[in-house]
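Comments concern the structure below.
The values are calculated or read from the model by the stated rules, or taken from the named source; none is laboratory data. Remember, it's a predicted structure, so these values are computed and weren't measured experimentally. Cβ coordinates were reconstructed from backbone atoms using ideal geometry, including for glycine residues, and neighbour counts include every protein chain displayed. Side chains included, ligands, DNA and RNA excluded: accessible areas come from the protein's heavy atoms. Shrake-Rupley method; radii C 1.70, N 1.55, O 1.52, S 1.80 Å.
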Amino acid sequence: MRDDQRSFPELGLTPGQQALYESLVASPDTVSTDVTGTADFARLAELGLATRLPGQPPRWTAVAPDVALGSLLAGRRESLRELRQRVTRMADRFQRAATAGHPELVEVLHGRDAIHTAFEDLIHSAETELLIFDAPPYLNVLTPPGVEAVRRGVRMRTVYDREGVAIPGRLAQLADFLSAGEHARVADVPMKLLLCDRQVGLVPLRPDLALETCLLVRDPVLLSALSALFESLWERAVPLDVGVRQRAESDPEAPSDLERDLLALLVAGLTEQDIAEHLGCHIRTVRRHMNRLFTRLDAVTRFQAGYQAVMRGWLTADDRGDVCTN
């Protein structure tokens, strides 16, 4: 079918009305009275496709297509424009109604005060779980991130960055967290992160900058991705059991408290100098204990020592090394 033979229902013409109009266009002489009395012709006259000539008796003729159809198309375009505006307004009302009473999915927080307030609010509002990536820079190094939440029964899992663990005084603080019930591991942490019950998250806008701008995330898709990132790094991180006193008394070669802390720090990746500073002893003392431990564990490398220590239960406390994927 040629384009000029297609019907135009969008212009308000039935196939019969279109056929009549096309016949009139092909013979633009005065329309016979047999035709002017039909309903199809009355519709053509209503749409401006046929016009009455002056004089008596009444005579009718077809209106040129470019004039008649042009005006109809312009009217249709205006109707479509109005319809589009109505659809846009309805869509806006629908969106407002759908999100009424719900906070923004991603909120930008500016300034350390606002970030610190949001951080504290999430810690205090947690009901079941806190997932944390702990890495420099810090707003306040010695501020406990969630001991209060742990003590009221919230399960807290933290992956500490090796650089953060090496800060003087940090290990003593972490020992308190572990004693309170925190589950901790050490790794190279890519960014700071706080997930509260997997319902709200706090992340820096730019991980390479100081804490001046953060995102408060409530979007379920983003939260799911952040949770998956946490679990992936948690699986690869090294358990941190420093300060936790749970030795197998039946093992005559079980490490002393000092040796056990030394092992935990060694496997976590701290240098001999960092370990000496944290344990308050000389680096030669650290090396002497390390040599003895490596001999008892039949190990040559840190990895071998850590593996053997875990296998013997020397670095396990309350199943702290288990991977949680709930």
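Quick notes on this structure:
- Residues being open to solvent by 20 Å² or more (accessible area, probe 1.4 Å), modelled with pLDDT of 80 or more, of a type outside the set (D, E, K, R) and in contact with a Lys or Arg (Cβ under 9 Å, 6 or more places away or on another chain) - total across segment 252-277: 1
- Hits in segment 25-44 - residues which are closer than 15 Å to Thr14 by Cβ and in a helix (DSSP H, G or I): Ala39, Asp40, Phe41, Ala42, Arg43, Leu44
- Single residue of Ala26, Ala98, Ala68 found to be open to solvent by 50 Å² or more (accessible area, probe 1.4 Å), aliphatic (A, V, I, L, M), under 60 Å from the mean Cα position of the chain (by Cα) and modelled with pLDDT under 80: Ala98
- Condition check for Arg206: crowded, with 19+ Cβ neighbours inside 10 Å and either at pLDDT below 80 or more than 33 Å from the chain's Cα centre (by Cα) (or both): no
- Within segment 126-169, the set of residues being more than 24 Å from the chain's Cα centre (by Cα) and modelled with pLDDT of 85 or more comprises just one member, Gly153.
- Of the residues screened, Val150 is one that is in a helix (DSSP H, G or I) and on the phi < 0 side of the Ramachandran plot.
- Enumeration of residues in segment 275-310 that are more than 21 Å from Arg236 (Cβ to Cβ) and under 39 Å from the mean Cα position of the chain (by Cα): Ile275, His278
- Selection over segment 48-62 of residues that are touching a Phe, Trp or Tyr at 6+ places or on another chain (Cβ under 9 Å) and either in contact (Cβ under 8 Å) with a residue 24 or more places away in the chain or in a loop (DSSP other than H, G, I, E, B) (or both) gives a count of 4.
- Restricting segment 115-137 to residues that are without any contact (Cβ under 8 Å) to a residue 40 or more places away in the chain and not charged (D, E, K, R), the residue that is surrounded by the most Cβ atoms within 10 Å (Cβ to Cβ): His116
- Some residue of segment 190-202 being open to solvent by 40 Å² or more (accessible area, probe 1.4 Å), more than 25 Å from Gly269 (Cα to Cα) and polar (S, T, N, Q): yes
- The residue pairs whose first member lies in segment 223-251 and is more than 20 Å from Val203 (Cβ to Cβ), whose second member is buried (at least 20 other Cβ atoms within 10 Å of the Cβ) and modelled with pLDDT under 60, and whose beta carbons are closer than 7 Å, counting only pairs six or more residues apart or on different chains, are Asp241/Ala317; Val244/Ala317; Gln246/Ala317.
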